[in-house]
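*Asks:* Right, I'll just put the structure down here and ask away after.
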Amino acid sequence: MTVPAPPTFDRHEAVAYHEALAALASRGRFGIRLGLGRTKALLRALGDPQLAVRGALVAGTNGKGSVLALAGSALRAAGLRVGETPKPHLVSYRERIAIDGRPIGVGDFTRHVEAVLAVADRVARRHGDPTEFELLTAVVFRHFAESELDVALVEVGLGGRLDATHAWDGGVAVVTNVDLDHTDRLGPTIAAIAREKAAIIERGDLAVTGATGEALTIVGRRARRMAVPLTVVEPATLVGWDRDGLDVVLPGLGPTRVGLRGRHQAANVAVADATLDALAEAGIATVDPDARRRGYATAVWPGRLELLDLGDGRGLVLDGAHNPAGAAALAQALDDLRPHLPPGPLTLVVASMADKDVDGVVAALGAAAALHDATVIATSVDAARALPAADLAERWRRMPGPASVTAIPDPLAAVDAALASPGTTVVAGSLYLVGAVRAHLVDDPDLRDPEPPDPEPPDPDPPADQPGATAR
């Protein structure tokens with residue numbers, strides 16, 4: 001196997017890239033401001049690149065990224081050129097814009113950010129300052145339009161109705177499921193959140209959902225109002241699982257291998273398969289059964305029930321579960337995986353954002369039998385919303401299962417402490433934490449960014465007999 005040469009960057013590329021990142025980050029001061037006006041104005045100023053792109057817009061509380069990973073893998077297996085927007089990124093900001101499974105290049109990222117920033121001030125005068133995510137959405141569609149895609153899979157950022165991605169209608173609208181999350185912005189009930197997500201369904205679309213109960217009723221009502229055909233998906237029949245994935249039966253495909261871990265992937269692969277059906281019916285992209293089987297079997301989704309073998313009897317499970325539903329799925333997956341992991345108690349390294357349902361996550365994850373007698377190391381991450389490690393440790397001490405709970409504020413020190421002994425370490429609770437750990441332990445050439453350049457040294461004084469010389 002040939003190892004790709006590490007990318008090299010000259011000083012100009014490094015400076016320009018880090019200036020682009022800083023310019024986007026500076027827009028974070030505007031926070032999350034839901035609404036479509038600014039994004040539509042940005043896209044209009046750029047010549048409406050999104051109109052050249054067709055595909056699926058995917059909303060939902062959980063499973064969006066898995067559906068993108070599964071459907072994208074199948075589309076690539078069929079030889080199609082696919083644009084995806086996995087989020088959030090784990091290691092490099094560029095992960096948020098991918099073509100054929102690889103992140104946007106440094107040069108293209110910088111160029112598109114500069115182009116979008118060039119029109120942002122003009123948009124701000126009439127519509128207010130665009131946020132970081134709104135600028136990124138414009139960058140996404142500019143790059144996608146330029147890349148001559150066959151199909152795009154775009155993940156909604158927050159909710160749906162007023163999310164920046166909803167400035168685009170690709171022809172297929174998907175709502176994976178609905179649960180409680182982001183209740184401060186989307187509403188305190190399943191019904192309120194479902195209304196926000198169902199709003200991505202527009203006239204002329206084909207729609208797919210794996211929602212159930214009250215949420216399904218609301219998604220169905222929106223589809224009927226828009227006169228849109230809606231495919232309601234049941235989870236694939238689960239046959240079994242092992243260390244590296246699961247086996248399911250899908251209508252039309254029969255026995256199918258899924259390369260993602262966790263029983264919950266039976267629901268996600270069913271939604272992904274129905275999404276491919278809708279893309280075909282809409283005349284956007286067709287994936288034959290063999291390509292679907294190959295794609296589902298080889299799908300990868302870094303940082304989501306990702307299992308790494310570190311040698312010396314040490315294993316590492318990375319999962320970004322950060323709400324109670326995601327934590328419950330992780331707990332069940334750990335119990336299922338336990339027979340396939342090295343013997344001995346697990347070590348859990350966990351962090352959380354303070355604005356999440358921390359007690360709900362702790363209760364759901366702590367219910368895993370695999371975590372009985374585990375060592376829990378609470379840590380934190382470098383983010384304004386991060387819960388202090390000591391506070392998180394106190395929440396875990398209320399759980400009856402762990403053998404011990406300690407706090408190590410530095411996340412890499414926490415992981416290094418966990419990995420000092422043989423056994424399996426589980427890193428969970430925050431994608432910020434998962435990203436930091438993955439960058440620490442996994443070297444992916446595609447994700448190597450230019451190092452921040454050192455400041456240029458000042459020009460030396462000219463010789464004493466030249467103009468501008470200073471007497472000493």
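The values are calculated or read from the model by the stated rules, or taken from the named source; none is laboratory data. Note that the structure is predicted; figures quoted are calculated from it, not measured. Quick reminder, even Gly has a Cβ in these numbers, built from the backbone with ideal geometry, and neighbours come from all protein chains shown. When the accessible area is computed, the model is the full protein with side chains, heavy atoms only, and any ligands, DNA or RNA have been set aside. Shrake-Rupley method; radii C 1.70, N 1.55, O 1.52, S 1.80 Å.
*Asks:* Tell me the label-point distance for the pair A383, D446, using the 7 Å Cα-to-Cβ offset, in nm and rounded to one decimal.
*Replies:* Reported label-point gap for A383 and D446 is 2.3 nm.
*Asks:* Calculate, for L253 and V232, the FRET efficiency according to 1/(1 + (r/R0)^6) with r their C-beta to C-beta distance and R0 22 Å; round to the nearest 0.05. Each step should come with its number before you reach the end.
*Replies:* On the way: r = 18 Å, r/R0 = 0.83.
The pair L253/V232 has a calculated efficiency of 0.75.
*Asks:* Quick check for you: which residues of segment 216-235 have the amide N under 14 Å from the point 7 Å beyond the Cα of E202 toward its beta carbon?
*Replies:* Residues passing the 14 Å test: 226.
*Asks:* Which FRET efficiency value, to the nearest 0.05, do you get for T212 and L412 by plugging their Cβ-Cβ distance into 1/(1 + (r/R0)^6) with R0 = 35 Å?
*Replies:* Numbers: r = 40 Å, r/R0 = 1.14.
Computed FRET efficiency for T212 and L412 comes out at 0.30.
*Asks:* Could I ask something else about it? If you compute Cα extents along the principal axes in Å for the structure shown, which of (i) 76, 49, 39; (ii) 65, 44, 39; (iii) 85, 57, 48 do you land on?
*Replies:* (iii)
*Asks:* Using the Cβ atoms and a cut-off under 13 Å, what net charge is assigned to the surroundings of P342, where Lys and Arg are +1 and Asp and Glu are -1?
*Replies:* Working: positive: R243, R314, R338; negative: D309, D312.
Result for the local shell: +1.
*Asks:* Separate question: Name the trypsin sites (Lys or Arg not before Pro) in segment 52-127 that are in a loop by DSSP and that have at most 16 other C-beta atoms within 10 Å, would you?
*Replies:* Details: sites: R54, K64, R76, R81, R94, R96, R111, R122, R125, R126; in loops: R54, R81.
Qualifying residues, ordered by number: R81.
*Asks:* Quick check for you: with a 1.4 Å probe and neighbouring chains kept, what is the accessible area per residue of the chain, in Å²? Intermediate values should be presented prior to the final figure.
*Replies:* Details: 20480 Å² over 472 residues.
Roughly 43 Å² per residue, with all protein chains present.
*Asks:* Per the helix-only calculation at 222 nm, which mean residue ellipticity applies to the chain, given -39500 (n - 2.57) for every DSSP H run of n ≥ 4 and division by its residues, nearest 500 deg cm²/dmol?
*Replies:* Numbers: 15 runs with 180 residues, N = 472.
Value at 222 nm, helices only, nearest 500: -12000 deg cm²/dmol.
*Asks:* Could you name the aspartates and glutamates whose alpha carbon sits less than 17 Å from that of K356, not counting residues in the same chain fewer than 8 places away?
*Replies:* Partners found: D179, D181, D184, D319, D382, D391, E394.
*Asks:* State whether segment 170-230 is rounded, prolate or oblate according to the following rule on the C-alpha gyration tensor (a ≥ b ≥ c being the square roots of its eigenvalues): a/c under 1.5 gives rounded; otherwise a/b larger than b/c gives prolate, and the remaining case gives oblate. Could the numbers behind the result be given before it?
*Replies:* Details: a/c = 2.09, a/b = 1.84, b/c = 1.14.
Prolate shape, in that a/c is at least 1.5 and a/b is the bigger ratio.
*Asks:* In terms of the Cα gyration tensor, with a ≥ b ≥ c the square roots of its eigenvalues, is segment 1-125 rounded because a/c is under 1.5, prolate because a/b exceeds b/c, or oblate?
*Replies:* Numbers: a/c = 1.75, a/b = 1.14, b/c = 1.53.
Since a/c reaches 1.5 but b/c is at least a/b, the shape of segment 1-125 is classed as oblate.
*Asks:* Distance from the Cα centre of segment 284-316 to that of segment 391-444, in angstrom?
*Replies:* That distance is 24 Å.
*Asks:* If the chain between D309 and A367 were fully stretched, how many nm would it gain, using 0.36 nm times the residue separation less the Cα-Cα distance? Please list the in-between numbers first.
*Replies:* Numbers: separation 58, 0.36 × 58 = 20.88 nm, distance 2.52 nm.
Using 0.36 nm per residue and subtracting the Cα-Cα distance, I get 18.4 nm.
*Asks:* If you don't mind, another one. In terms of the Cα gyration tensor, with a ≥ b ≥ c the square roots of its eigenvalues, is segment 104-183 rounded because a/c is under 1.5, prolate because a/b exceeds b/c, or oblate?
*Replies:* Details: a/c = 2.11, a/b = 1.27, b/c = 1.66.
Oblate, because a/c is 1.5 or more while a/b does not exceed b/c.
*Asks:* Placing +1 at every Lys and Arg Cβ and -1 at every Asp and Glu Cβ, with all other atoms neutral, what dipole size does the chain have around its Cα centre, in debye to the nearest 20?
*Replies:* On the way: 47 positive and 60 negative charges, 330 e Å.
Dipole magnitude for the chain comes out near 1580 debye.
*Asks:* Could you give the nm distance between label points at D184 and A280, where each point is 7 Å from its Cα heading toward the beta carbon?
*Replies:* Here the answer is 4.4 nm between the modelled labels.
*Asks:* Further, regarding this structure: Within the set of other residues whose C-beta is less than 10 Å from the C-beta of A378, count the net charge using Lys and Arg as +1 and Asp and Glu as -1.
*Replies:* Around A378, the surrounding residues sum to 0.
*Asks:* Calculated FRET efficiency, R225 and L51, Cβ-Cβ r, R0 41 Å, to nearest 0.05? Each step should come with its number before you reach the end.
*Replies:* Working: r = 24 Å, r/R0 = 0.60.
Calculated transfer efficiency: 0.95.
*Asks:* Using a probe of 1.4 angstrom, how much of the accessible area of segment 278-356 is carbon and sulfur, in percent? Kindly include the intermediate steps, with their values, before the conclusion.
*Replies:* Details: 1640 of 3020 Å².
Within segment 278-356, the accessible surface is 54 percent carbon and sulfur.
*Asks:* How much of the accessible area of segment 88-173, probe 1.4 Å, is carbon plus sulfur, in whole percent?
*Replies:* Details: 1230 of 2940 Å².
Exposed carbon and sulfur together represent 42 percent of the surface.
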